[in-house]
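Peer 1: Dumping the structure here so I can ask a few things about it.
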Amino acid sequence: MYQADWKRIDVVITWDKPITIDEARLIEDEKDTYLYKIVGRHNENYKLFYIGKCIEQKFTTRIFQKDHRLKQQEFKEAHKKHKLMVCMGRLKEDKKHKPTEISNVESLLIFAHSSDVYPYMKNKQCSLSHSVIKNYRIINKGWLKDNMYKTVSYGLFMEE
């Protein structure tokens, strides 16, 4: 099967406003939250530090796990002037996304934001390459003051 044989998968992510890590402990509604990003805020300037996914566990569970707390500590030490914040990425409710699709979206977002334009991105995996083979169009809506791309597309698109 060739890449052109697959239809494009459209994914719309609505990013919530950033909250502090401590405020995340109080979140009750995590419905449709499969993606998140960690940003740093200094005055009213924001820097995108990290993009992650949470498929089989809640967002609040993931960001408080030991390995994630270590990453957060690294961000704080490297960027002392920045306040660490998190944003939840909610997917449109009318479409059920497979875990593979969510992983692909995370990979493409990391890959797209791992350039000189985003020097503060700390993701290691997928920063130089990815294994996505399907066609995607990712539309980022909502809170984007960290200058995240509004649209990320990947694949071979053909008109019928």
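The values are calculated or read from the model by the stated rules, or taken from the named source; none is laboratory data. Keep in mind that what you see is a predicted model, and the values were worked out from it rather than measured. Neighbour counts are summed over all protein chains in view; Cβ atoms, including those assigned to glycine, are modelled from backbone coordinates with ideal geometry. The accessibility values were calculated without ligands, DNA or RNA, using every heavy atom of the protein model including side chains. Shrake-Rupley method; radii C 1.70, N 1.55, O 1.52, S 1.80 Å.
Peer 1: Yes or no: region 33-43 includes at least one residue that is surrounded by 12 or more Cβ atoms within 10 Å (Cβ to Cβ), at pLDDT below 90 and not basic (Lys, Arg).
Peer 2: Among the residues of region 33-43, at least one is surrounded by 12 or more Cβ atoms within 10 Å (Cβ to Cβ), at pLDDT below 90 and not basic (Lys, Arg), which makes the answer yes.
Peer 1: Tell me, please, whether a residue that is touching a residue at least 40 places away in the same chain (Cβ under 8 Å), part of a loop (DSSP other than H, G, I, E, B) and aliphatic (A, V, I, L, M) can be found in region 142-150.
Peer 2: The answer is yes, given that some residue of region 142-150 is touching a residue at least 40 places away in the same chain (Cβ under 8 Å), part of a loop (DSSP other than H, G, I, E, B) and aliphatic (A, V, I, L, M).
Peer 1: May I pose another question? Among the residues of region 62-101, what is the count of those that are modelled with pLDDT under 90, under 25 Å from His130 (Cβ atoms) and open to solvent by less than 40 Å² (accessible area, probe 1.4 Å)?
Peer 2: 8
Peer 1: Please go through (1) under 10 Å from the mean Cα position of the chain (by Cα); (2) open to solvent by 30 Å² or more (accessible area, probe 1.4 Å) for Leu48 and return the number of the only condition it doesn't satisfy.
Peer 2: Answer for Leu48: the failing condition is (2).
Peer 1: In region 64-103, what residues are under 23 Å from Tyr149 (Cβ atoms) and hydrophobic (A, V, I, L, M, F, W, C)?
Peer 2: Hits for region 64-103 are Phe75, Leu84, Met85, Val86, Cys87, Met88, Leu91, Ile102.
Peer 1: If you scan region 15-32, which residues turn out to be within 21 Å of Asn147 (Cβ to Cβ) and open to solvent by 60 Å² or more (accessible area, probe 1.4 Å)?
Peer 2: If the condition is that a residue be within 21 Å of Asn147 (Cβ to Cβ) and open to solvent by 60 Å² or more (accessible area, probe 1.4 Å), then Lys17 is the only one that fits.
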